[in-house]
4 protein chains.
Amino acid sequence: MENRLRYLTAGESHGPALLAILEGLPAGLTLSSEIIDAELARRQKGYGAGRRMKIEKDHAQILGGVMEGVTTGAPLAISIANLDHEKWLAKPVAAFTTPRPGHVDLAGVVKYGYNDLRPALERASARETAARVALGAVCKHLLAQFGVQIGGYVVSIGEVRADVASIPLEERAALAEQNDLRCPDSAAAIAMRARIQQIMQARDTLGGEIEAIGFGLPPGLGSHVHWDRRLEARLGGNKFKANTILAIKLARAVYFMLKNQTVFDPEQLVRATTHK
Amino acid sequence: MENRLRYLTAGESHGPALLAILEGLPAGLTLSSEIIDAELARRQKGYGAGRRMKIEKDHAQILGGVMEGVTTGAPLAISIANLDHEKWLAKPVAAFTTPRPGHVDLAGVVKYGYNDLRPALERASARETAARVALGAVCKHLLAQFGVQIGGYVVSIGEVRADVASIPLEERAALAEQNDLRCPDSAAAIAMRARIQQIMQARDTLGGEIEAIGFGLPPGLGSHVHWDRRLEARLGGNKFKANTILAIKLARAVYFMLKNQTVFDPEQLVRATTHK
Amino acid sequence: MENRLRYLTAGESHGPALLAILEGLPAGLTLSSEIIDAELARRQKGYGAGRRMKIEKDHAQILGGVMEGVTTGAPLAISIANLDHEKWLAKPVAAFTTPRPGHVDLAGVVKYGYNDLRPALERASARETAARVALGAVCKHLLAQFGVQIGGYVVSIGEVRADVASIPLEERAALAEQNDLRCPDSAAAIAMRARIQQIMQARDTLGGEIEAIGFGLPPGLGSHVHWDRRLEARLGGNKFKANTILAIKLARAVYFMLKNQTVFDPEQLVRATTHK
Amino acid sequence: MENRLRYLTAGESHGPALLAILEGLPAGLTLSSEIIDAELARRQKGYGAGRRMKIEKDHAQILGGVMEGVTTGAPLAISIANLDHEKWLAKPVAAFTTPRPGHVDLAGVVKYGYNDLRPALERASARETAARVALGAVCKHLLAQFGVQIGGYVVSIGEVRADVASIPLEERAALAEQNDLRCPDSAAAIAMRARIQQIMQARDTLGGEIEAIGFGLPPGLGSHVHWDRRLEARLGGNKFKANTILAIKLARAVYFMLKNQTVFDPEQLVRATTHK
């Protein structure tokens, strides 16, 4: 219970809103909706994002944990409204009973006893990641205060593989921002797009690989003393939206190493990370 | 992370809303705002409740975890709007710099480095308990499905002590509802009210004792095998709003014993609790 | 998983040994079996302790986490041998089938499906507390490095109540060490002893109350920002062997506030607690 | 704290013993040292295992949690003696001050303030995995009761890659047992051995890949409702000794789905996994 940076998310894809509570931020960090919205906008620009991405411009409303633009140390509460919720309510909907392959539809129904597939897919939706991107944005912002940069990019889609080895590590994330496949190798990005269009016509899906990186980290994150303190153990286990997840996990690790500051003091943090 | 019934709360006393996320409910439980609002109304009726209690009638808006009136097993998200938030925003406010004795005001400022006492008292406010009462209401409702009843009452205020021993255990909670001091001994309630009025004029405060009880519990809650599995260890440690806290903790314990059902099936639960 | 000072205990009353692992100590703290054994000896001197207490002189063997008399930051492992284990193995034992009132005997059998009461009472035995006393000793020792003192004493046994109010808070724990009832009021101790002898002849038991106190604590332990960070919430819930439990819990809280030091540096700790 | 199958390990490479406590096993499972020792022996037979592996034949002494060959539901305590501990104590040892690349030596010293590299490498040693293999053996044994089989094998060492795709999934783990590289492709195993010998002469090291698999798992492990309940999230994050770690994690997941049985009843478990 003493963990720093615990979080819970809630909300369905077509419910009124997505919600997230992040408990354990220090007091004194400048924070605003704009900082979060910038990352939510990035999320909406990826290739293959549903049509819905285009119509909704996500906005993170801060409902707790920030006063006069500065964190107070109290839990941060974020709400992201689902703009088409009203429209959805109006529609008469027949029960949805054909489970899609590769989705949680069937497993959800079996496990939770639903009569309709909808409760499963409403929560297992890509839309749910917006809440985690919002929290990742806050953690990226926290890490940025003392010089840690987080980035990520696509390495492969199906059998199409980017040549990332020939691109310096420091440039990959920025290059990836230049196309909607978020691939630093622009030639590979074109081939990936073609491959995705092809597979969509065959009504199938493709796997892929992403890499997420952090720069400027202090030495000594994690520890060898117990299996669950190893940095690898703490970073593993959550591959979806990998760079925002990395931001959350690194913020937690850095923060822990930085001695659970309750007051945010960038100078002290920088000093702690540099001269530790 | 496998814990059932984890929860986080957020929100400030004069912020836009109080929020709560409860993760780990089973699917299939009938749930509505009305069930929660009934307990929020009880909370607002206690003697000594601030004037504000009278003007706001709390309403729990369910933002996630319930579809067509039934829980889905996804996290339950509740928002309780702060009705006077708008008014508050309009007021010009001078920094509040005189810490009140017996409050977190000073400790909060020292620990979190605030320049104003407000961020501490906005979160340490009695208003925050509304979020926990809302979650307690959900847990009471869950427990009620298989015959567990939760109640609580005031035993003493300052040196005024109720004669609860002469009232049967089963009747105390119901009797306590008949006065705004929530004391089952009506004569003591009158003396308590007088004592509170007296102390208020002296600009001081009084302590007190409450008891919270659960009826109809299955045998075997908790365990002797490890120190933190003992029921006493699991119930201890949170005395404020004791009966709603008891509901949350017992729901967690009962639920755990009932084998972490993902589908809510009252018959199975009753069977499990009775014949285990 | 990032929690400091997690611990698990294991071992049965008549098994080969009691074991405890404490994960999260800082490196650089001087530690030896003697420090722990002193508290184990105190545990064995209480009135009403079984005859066994007299025959066994407990010794904490340190099996991990300490090199050349100093903690390394790795998990601390302690083993306390059960000296009469061998004798026990030799005895032919009939199944024990009469549950004692006020013990876990019956509940254990119902919950874990034993055919014999022994597995329940072997683990629910008072002997198990030796493992927790050992860990409490380590935590007391850690706290003592920066001036925190932990103590405890008996306030009442059955209807016999000590007059503790007339004894200064600072003197109570030391006075309590002067009699085997650990009661600071020596007259009350005599009455308590008589009352216990009387109830034993009636083959019944008595309840009681103890108080545990900590001196020299830094201000700011716990926090108002979330319900489970409140100091009261974190200290509650474990009343047996209350002063050693208090030591463990306070060490955790102090340690957390002191920013999870990985290297033990008393000067830094004192500075942190004083000028924070 | 309600988590099933929590565990802590302790002990140094040349200390008296390695220790592990596993909390949360059901009562009624047959368990003996032999079951664990069989997996400890497998661990000692791998190619490249240090000379020490040959001289020590590990034995898991069960110190708690098992009575008359059957688990009681109380924490399982295991001790694995370090046979050369005595010899080690006798040796005069100079401080070890040259950190090895690719090891925790330097990071440990920087983080924990050691004057000697030994405290870091004593805990970060491959020897420490014996404790986790012992717990993995218990979990494999638990899973086997209801038909779940766990296996693992080497896929690549450096640039040498086994052709696993041509070997049926069910046969890989058994084939891997036939050589000390634990590679199901025997030709690749020969090439891997040659490559390792070559790199050792160059005083360098190689990376590699392993795969761990589980057969016979019940459907519905993990859940979509919250990010940290996803099976992938729960399995990720611990790659060393992957098949024993997989056994522990799957046992936890299966066990959780099987409703935290306190009494072990294979029939009930099989029924639960099959007809859920």
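The values are calculated or read from the model by the stated rules, or taken from the named source; none is laboratory data. Source: prediction; values computed, not measured. Glycine gets a Cβ as well: all are built from the backbone with ideal geometry, and neighbour counts include every protein chain shown. Areas reflect the complete protein model, heavy atoms only, side chains present, ligands, DNA and RNA absent. Shrake-Rupley method; radii C 1.70, N 1.55, O 1.52, S 1.80 Å.
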Report summary line: If we keep only residues of the stretch A:97-128 that are touching a residue at least 40 places away in the same chain (Cβ under 8 Å) and over 19 Å from B:G24 (Cα atoms), then the residue surrounded by the fewest Cβ atoms within 10 Å (Cβ to Cβ) is A:G102
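Considering every residue within the stretch B:153-162, establish whether at least one is more than 9 Å from every other protein chain (Cβ to nearest Cβ), of a type in the set (K, R) and under 25 Å from B:A20 (Cα atoms). If you could, list the steps in order and put the result at the bottom.
Of the stretch B:153-162, the ones more than 9 Å from every other protein chain (Cβ to nearest Cβ) are B:153-162.
With the extra rule that they be of a type in the set (K, R), the set shrinks to B:161.
Okay, now just the ones that are also under 25 Å from B:A20 (Cα atoms), so none.
Within the stretch B:153-162, not a single residue is more than 9 Å from every other protein chain (Cβ to nearest Cβ), of a type in the set (K, R) and under 25 Å from B:A20 (Cα atoms).
I'd like to check something: does the stretch D:68-80 contain any residue that is away from every other protein chain (no Cβ under 13 Å) and not aliphatic (A, V, I, L, M)? I'd like the intermediate steps shown before the answer.
Just the residues of the stretch D:68-80 that are away from every other protein chain (no Cβ under 13 Å), to begin with: none.
Checked against the condition, which is being away from every other protein chain (no Cβ under 13 Å) and not aliphatic (A, V, I, L, M), the stretch D:68-80 yields no hits at all.
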Report summary line: Of (1) modelled with pLDDT of 65 or more; (2) charged (D, E, K, R); (3) surrounded by 18 or more Cβ atoms within 10 Å (Cβ to Cβ), D:K241 fails just (1)
Query raised in the report: Can you find a residue in the stretch A:127-148 that is farther than 30 Å from B:S13 by Cα and facing chain B (nearest Cβ under 10 Å)?
Result: no
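Looking only at the stretch B:180-193, decide whether some residue is within 14 Å of another protein chain (Cβ to nearest Cβ) and within 21 Å of the chain's Cα centre (by Cα).
So in the stretch B:180-193, the residues within 14 Å of another protein chain (Cβ to nearest Cβ) come out as none.
No, that holds for no residue.
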Query raised in the report: Are any residues in the stretch A:36-68 at pLDDT below 95 and assigned to a loop (DSSP other than H, G, I, E, B), and if so, which ones?
Result: A:K45, A:G46, A:Y47, A:G48, A:A49, A:G50, A:E56, A:K57, A:D58, A:E68
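Residue check: is B:R6 among the basic types (K, R), out of contact with any helix residue (DSSP H, G or I) (no Cβ under 8 Å at 6 or more places or on another chain) and either open to solvent by 10 Å² or more (accessible area, probe 1.4 Å) or modelled with pLDDT of 90 or more (or both)? Show your work before the answer.
On the way: among the basic types (K, R): yes; out of contact with any helix residue (DSSP H, G or I) (no Cβ under 8 Å at 6 or more places or on another chain): yes; either open to solvent by 10 Å² or more (accessible area, probe 1.4 Å) or modelled with pLDDT of 90 or more (or both): yes.
So B:R6 fits the description; yes.
Given the stretch C:75-180, what helices (runs of 4 or more DSSP H) lie entirely inside it while holding 3 or more residues that are farther than 30 Å from C:L63 by Cα?
Details: elements: C:85-90, C:105-112, C:118-123, C:129-144, C:169-176.
Fully inside the stretch C:75-180 and qualifying: C:105-112, C:169-176.
Is it the case that A:S13 is touching a Ser or Thr at 6+ places or on another chain (Cβ under 9 Å), surrounded by 14 or more Cβ atoms within 10 Å (Cβ to Cβ) and either in a loop (DSSP other than H, G, I, E, B) or at pLDDT below 85 (or both)? Can you show your working first?
Numbers: touching a Ser or Thr at 6+ places or on another chain (Cβ under 9 Å): yes; surrounded by 14 or more Cβ atoms within 10 Å (Cβ to Cβ): yes; either in a loop (DSSP other than H, G, I, E, B) or at pLDDT below 85 (or both): yes.
Here the answer is yes, as A:S13 does meet what is asked.
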Requested in this report: Scan the stretch A:191-217 and report the pairs whose first residue is under 13 Å from A:L181 (Cα atoms) and whose second residue is open to solvent by 50 Å² or more (accessible area, probe 1.4 Å), with Cβ atoms within less than 7 Å and a gap of 6+ or a chain change.
Outcome: A:R193/A:Y47; A:R195/A:L206; A:I196/A:G48; A:I196/A:L206
Report summary line: Within the stretch C:201-218, the residues that are farther than 20 Å from C:R161 by Cβ and not basic (K, R) are C:Q201, C:A202, C:G214, C:F215, C:G216, C:L217, C:P218
Query raised in the report: Looking at A:L206, A:L181, A:L231, A:L175, which one is at pLDDT below 85 and open to solvent by less than 60 Å² (accessible area, probe 1.4 Å)?
Result: A:L231
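Go through the residues of the stretch C:142-154 one by one and say whether even a single one is surrounded by fewer than 19 Cβ atoms within 10 Å (Cβ to Cβ) and touching a strand residue (DSSP E or B) at 6+ places or on another chain (Cβ under 6 Å).
Residues of the stretch C:142-154 that are surrounded by fewer than 19 Cβ atoms within 10 Å (Cβ to Cβ), as a first pass: C:144-145, C:147, C:149.
Now restrict to residues that are touching a strand residue (DSSP E or B) at 6+ places or on another chain (Cβ under 6 Å): C:149.
The answer is yes, given that some residue of the stretch C:142-154 is surrounded by fewer than 19 Cβ atoms within 10 Å (Cβ to Cβ) and touching a strand residue (DSSP E or B) at 6+ places or on another chain (Cβ under 6 Å).
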